[in-house]
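Notes follow once the structure below has been shown.
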Amino acid sequence: PDGLMRGKRGLIMGLANDKSIAWGIAQACHGAGAELAFTYQGEALGKRVRPLAADLGSDIVIPCDVSDEASIDAAFATLGESWDGLDFIVHAIGFSDKNELRGSYTEMTTAANFTQTMLISVYSFTAVTRRAAAMMKDGGSCLTLTYYGAEKVMPHYNVMGVAKAALEASVKYMAMDLGPRGIRVNALSAGPIKTLAASGIGDFRYIMKWNELNSPLRRNVTQTEVGKSALYLLSDLSSGVTGENLHVDAGYHVVGMKAEDAPDI
Ligand code: NAD
């Protein structure tokens, strides 16, 4: 897709390291000619994100803690000093207390973590999309990352599944609000990938193995594959697509049950 994104400027939020889904997406956008800016959460991650951004020719690397409205405002004010417009935004951010990502959702979930999970993993996409849209003078594309645990019960996903369901609903409402301005809002539902955030989920290795054994493609997906599909949603290739949830999960979401040799019963 040489030049597909030439002349387009995009903000990538949620890069932690080179295992991050945001990294696969950033690489794909850079490869297609986009100009990128990045936000990071906290100085410890800033040290990792700056060299990664530099690898992709970017020196716009801005702190932003999305649980703090003032921090989001400050980040967009800083971005506005470098860029007078914006074409796309990637929200690859999620958080929940890992002690509540195991065992029983009903028994484990506290009000404090429920609220925190919703704020960081759901509301922050609304908060950043509002500010990004204000910079999108010529239409644009907004993308968030979700997971199948929003649609069906997955082991240990718990409050995060409830949050992703709300995130997916917020995509539809924002698609309707922003559509008249030529701004598209979509979600990408990625299959399980080993990242920092995923390591907080109970039995994650087993979930990956299950996906590998039971998905139509009989394997897991990579950050690179998520990056390629994100490129479609962020570019003009998907100009007629909004409010969508694109599954990049080796087809796992269509499976009810895989054929096996039935035991004698
Ligand atoms: P990751 O750990 O690399 O990225 C998560 C990011 O969220 C980190 O950069 C972290 O700094 C950021 N973050 C958390 N709290 C924040 C806050 N208060 N302010 C700003 N940033 C904050 O892991 P990842 O797997 O690449 O996660 C990216 C997105 O993809 C998440 O929304 C996750 O739920 C989603 N996702 C992941 C998988 C998977 O299997 N890894 C599957 C489907 C969807």
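Of note:
- Those lysines that a straight Cα-Cα span of less than 17 Å connects to K152, excepting residues fewer than 8 apart in one chain: K164, K258
- Between region 242-265 and region 48-109, the alpha-carbon centres lie 31 Å apart.
- Label zone at A112, where the point sits 7 Å out along the Cα-to-Cβ direction: region 147-162 residues whose backbone N lies under 19 Å: 159-160
- Remark: H30, H91 ranked as H30, H91, counting other beta-carbon atoms within 10 Å and listing the fewest first.
- Positive contributions from Lys and Arg (+1) and negative ones from Asp and Glu (-1), summed over other residues with Cβ under 14 Å from the Cβ of A32, come out at 0.
- A Cβ-based charge dipole, computed about the Cα centre of the chain with Lys and Arg at +1 and Asp and Glu at -1, lands at about 240 debye.
- D (Stokes-Einstein, µm²/s), Kirkwood Cα radius, the chain, 1.567 mPa s at 4 °C: 69 µm²/s
- A crude spin-label estimate for the pair Y105 and I265, with each label 7 Å from Cα along the Cβ direction, gives 2.5 nm.
- Beta bridges from DSSP with both residues in the chain: antiparallel share about 0 percent, rounded to the nearest 5.
- Estimated from helical segments only, the mean residue ellipticity of the chain at 222 nm is -12500 deg cm²/dmol, where each DSSP H run of four or more residues counts as -39500 (n - 2.57).
- A Förster distance of 30 Å, applied to the separation of the beta-carbon atoms of D55 and D236, puts the FRET efficiency at 0.70.
- When you restrict to C-alpha pairs under 8 Å that are six or more residues apart and normalise by the size of the chain, the relative contact order lands at 19 percent.
- For V122, the shell of other residues with beta-carbons less than 10 Å away shows a net charge of 0, using +1 for Lys and Arg and -1 for Asp and Glu.
Read-outs: derived from the displayed coordinates by stated rules, not from any lab. Bear in mind that the values here come from a model prediction, so they are computed numbers and not experimental data. Here Cβ is always computed from backbone atoms with ideal geometry, including for glycine, and neighbour counts include all displayed protein chains.
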